[in-house]
């Protein structure tokens with residue numbers, strides 16, 4: 001959750017990424033997702049206790065308000081922290097739901113026997 005100043009404090013994830021106060025990061029937004037990456041040339045620095053201050057212009061572009069709940073995703077292999085808001089998560093859920101709905105076929109074999117029921121037909125000329 002953002003605090004009143006637009007900072008995120010998640011010590012466990014920041015620690016998992018190997019970041020601490022003073023770590024330089026770049027902050028970008030892509031399709032409503034804030035991407036924070038460690039970067040020696042980054043324009044932003046983690047503040048006390050490893051808090052990440054997200055600029056107000058970035059928060060506004062992504063539709064984040066003060067004290068909004070967000071999902072934080074650490075990607076240690078990329079030294080990145082992703083910040084996803086409710087709108088992005090709603091879209092992800094809709095996408096997953098659409099994929100599940102597209103798979104509504106009957107999972108049983110055409111013979112009507114449930115998988116693993118014990119009845120099977122061996123190819124001609126072979127014994128089981």
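Counting 0.36 nm for each residue step from residue 87 to residue 31 and taking away their Cα separation leaves a gain of 19.1 nm. A Förster radius of 35 Å combined with the Cβ-Cβ distance from residue 67 to residue 21 puts the calculated FRET efficiency at roughly 0.95. Label-to-label distance, residue 75 versus residue 103, with points set 7 angstrom from Cα along the beta-carbon direction: 2.3 nm.
Each reported figure results from applying straightforward, stated rules to the coordinates on display, with no laboratory input. A quick note: this is a predicted structure, and the numbers were derived from the prediction, not measured. So basically every Cβ, Gly included, is an ideal-geometry build from the backbone, and we count neighbours across all protein chains shown.
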